[in-house]
Structure formats: C-alpha cells, structure tokens
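First, the structure itself, so that you have it in front of you.
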Amino acid sequence: MEAQAIFDTLKGKFGDAVVALQSEGFSPAFVVVAPAAVNGIARFLKDDPALSFDSLMCLSGVDYRDRLAVAYHLHSMKHRHAIGMKAFLPGEAPSLPTVDDVWPAANFQEREAYDLFGIGFEGSKDLRRILLPEDWEGHPLRKDYKYPDFYHGIKV
Amino acid sequence: MVGNADLFVNWARKSSLWYLLFATACCGIELMQAGASRYDLDRFGAVFRATPRQSDLMLVAGTITHKMADRVKRLYEQMPEPKYVIAMGSCANTGGPFYKDSYCVVKGVDLLIPVDVYIPGCPPRPEALIDGIMRLQKIIMQKKNYGAKA
C-alpha cells in the first residue's frame, strides 16, 4: 500500500488524531500523529489485515530545539511496505503512551529514547536507563545538554 | 646473594605473566589474535585467565566508559599482588577518538588505575602488543624485591 493510501485509511479511522503526511524528502513517508493517540494507531497499524505492520524497524527520539519528536519506522513482512509515524512533543516534560504492548521490541528502544532524550513512555513495562549508569544526571542527546565536569570523581 | 634472589623472583614473575581476559572494544580482537597460534603469546608465559584472582597482568583492551569505570577498578582490586597494567590502544591511553566531545568515555584508564606500559595504536597490531609485554618484562626484571627498595 502506498503512503498516501495508508494516510487516508488512518485519517478515515482516527480523524483529527492523524495530523499530516510528510512525504517530501522522507522515505518512507511519515504520518504525523497526535502523541496521545500513538498506542491506538499503532495497534490498528499492526492488526489491520490490509496494513499488518508487524515489524517495528526503529524507534528514535529527535530534538528539533523548539520541540522533541518520537519517530517510528514500520515495515510489513506480509505486504512488503513501509511507513513512518511521528509524534511531536513539547520540550518540557515530554511524554506519550508506550507501544511495547503492540511490538515488544519497542521496550529497549523506548528505554534508549528515555535515557538519551528524557522522553517518558506512559504505561511502559520497564522504563529505566539502558545505556548510561542509573545515577547519571541529564539526557545527553538533548541539544541543550550541559556536560558534567566530574562523574564519580573522574573528570569527564 | 640478595641480588640472586631478586633475579630469580623477577625471572619467575616475568615468565608467567597471566593476563586477565578483559576486552571492552575492538582491541580485544587484536588481543585474541595475539593469544592465538599465529602470534602465540604463550611462548612468553602469558596465558589468559578468566578470573582476576589468578591474574598478574591486566590488559585494558578497549574503550572504558564511565559506567565501566567502577567495574575496572573492582577487577583491578581483586587481582593479587604483584599486579601490572598495560593500557592497550588509544582509548585506554587517552580516550582516543572519544577524547573530544564525549560525555561517557573515560579519558585514559590511568585516571582509574596505575598503568605500567602504554601501547599506542588504534588498535595496535599483535606485534605491538607483544612488544608492550616484553617491555613490561624488562620493567619487572629491574624490580628490587629484597634489600634496597628501587
């Protein structure tokens, strides 16, 4: 299914929760969705027989300076088509529902986005830091991140 | 007489440098290669050990992150005396390619534990590693264990 057709299907089902289609310069194209609706849309994308996006290829955090985003890359093994899904979040206390009940593989990637961007995933099975030590302060891939001078007495 | 005792002890120590099997990055591949049949570290009496309690030498082969730093220190403290450390490769020497603009990499393992020999390279070839071990053997041969302290 083409990106425009997927977008139309989602728009018909979810209405205002599906905001826009970003196809210019993106491959696959991105469907921009409202953060609160992410879990429902993800469930539909996976379970609908015509879509059946059974593989979450990648889940990443993005920092646009004025706002953050979470980008999902999806692929269907059955239909051999792909789509992106993106949810924009405010820079202050960003948070959106988890998708680890839809794709269990999302858990590690959500933990990574939480660790490095400070994005919260509500209802997550296990949201802890994954790369950095438990007692690390701050989220290093944020553009406004300030390096600490010392960590456990060692110069950074 | 004392000199002969030193000579004997040092000779025994330098000829049985059992090293800790401890690789944190790509230098570990060169370390494995140095231990394998082509370069054969065994001929210097250097055999890998899987536990710090049986090791004399810690080869820090690879990048040390701040998360790993506590573990490195603990492994070093678990080794029995006398113990030696070789920093292998740019990351263990200075932080290497991560020296600038990295929040997570320790800029040299000598910030954590005392280092006897530094081996440059990214990663060093097995010949360079063997050279580093031979230099450490020379250092060990100069130690004064009995009588006057060196």
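The values are calculated or read from the model by the stated rules, or taken from the named source; none is laboratory data. Fair warning: this is a prediction, and the values are worked out from it, not measured in the lab. So basically every Cβ, Gly included, is an ideal-geometry build from the backbone, and we count neighbours across all protein chains shown. With ligands, DNA and RNA removed, areas are computed over all heavy atoms of the protein, side chains included. Shrake-Rupley method; radii C 1.70, N 1.55, O 1.52, S 1.80 Å.
Loop-only check: which GluC sites (Glu not before Pro) in the range A:103-140 are DSSP coil with at most 14 other Cβ within 10 angstrom?
Listed in order of number, the matching sites are A:E134, A:E137.
Please give the direction-averaged projected area of the C-alpha convex hull for the range A:3-155, in square nanometres with one decimal.
Details: hull surface 38.7 nm².
Mean orientational projected area (the range A:3-155, Cα hull): 9.7 nm².
To the nearest 20 debye, what is the magnitude of the charge dipole of chain A about its Cα centre, counting +1 on the Cβ of each Lys and Arg and -1 on the Cβ of each Asp and Glu?
240
List the accessible area buried at the contact between A and B, summed over both sides and calculated with a 1.4 Å probe, in Å² to the nearest 100.
Buried: approximately 1100 Å² between B and A.
Taking only protein heavy atoms into account and a 1.4 Å probe, give the accessible area per residue of chain A in Å². Don't jump to the answer; show the numbers that get you there.
Values: 7800 Å² over 156 residues.
It amounts to 50 Å² per residue over chain A.
Pop out the ³J(HN,Hα) list for the range B:35-42 in order, Karplus 6.51 cos²θ - 1.76 cosθ + 1.60 with θ = phi - 60°, rounded to Hz; leave Gly and Pro as x.
x, 7, 5, 5, 9, 6, 4, 4
Another question about this same structure. Taking all protein chains as present, what is the carbon and sulfur share of the accessible area of the range B:19-150, in % to the nearest whole number, probe 1.4 Å?
54
So, with a 1.4 angstrom probe, what is the percent of accessible area on the range A:3-155 that is carbon and sulfur?
Working: 4080 of 7550 Å².
Its accessible area is 54 percent carbon and sulfur atoms.
If you line up the long axis of helix A:3-14 against the longest principal axis of chain A, both from Cα atoms, how many degrees apart are they, to the nearest 10?
90
May I ask you to find the residues of the range A:123-151 that are shielded by at least 50 Å² of accessible area once the whole protein assembly is considered instead of their isolated chain (probe 1.4 Å)?
A:Y147
A further question follows. In the protein assembly as shown, if the dipole is taken from +1 on Lys/Arg beta carbons and -1 on Asp/Glu beta carbons about the Cα centre, which of A:Y114, B:V106, A:Y147 is farthest to the positive end?
The residue sitting farthest along the positive end of the dipole is B:V106.
Could you size up the charge dipole of the protein assembly as shown around its Cα centre, putting +1 on the beta carbon of Lys and Arg and -1 on that of Asp and Glu, and report it in debye to the nearest 20?
The calculation lands at about 1240 debye.
Which of B:D40, B:D56, B:D70 moves most in a GNM of chain B, Cα contacts under 10 Å?
B:D70
May I pose another question? Viscosity 1.306 mPa s, temperature 10 °C: Stokes-Einstein D of the protein assembly as shown from its Kirkwood Cα radius, in µm² per second?
69
For chain B, what is the accessible area per residue in Å², given a 1.4 Å probe and the full set of protein chains?
Per residue, chain B has 53 Å² of solvent-accessible surface.
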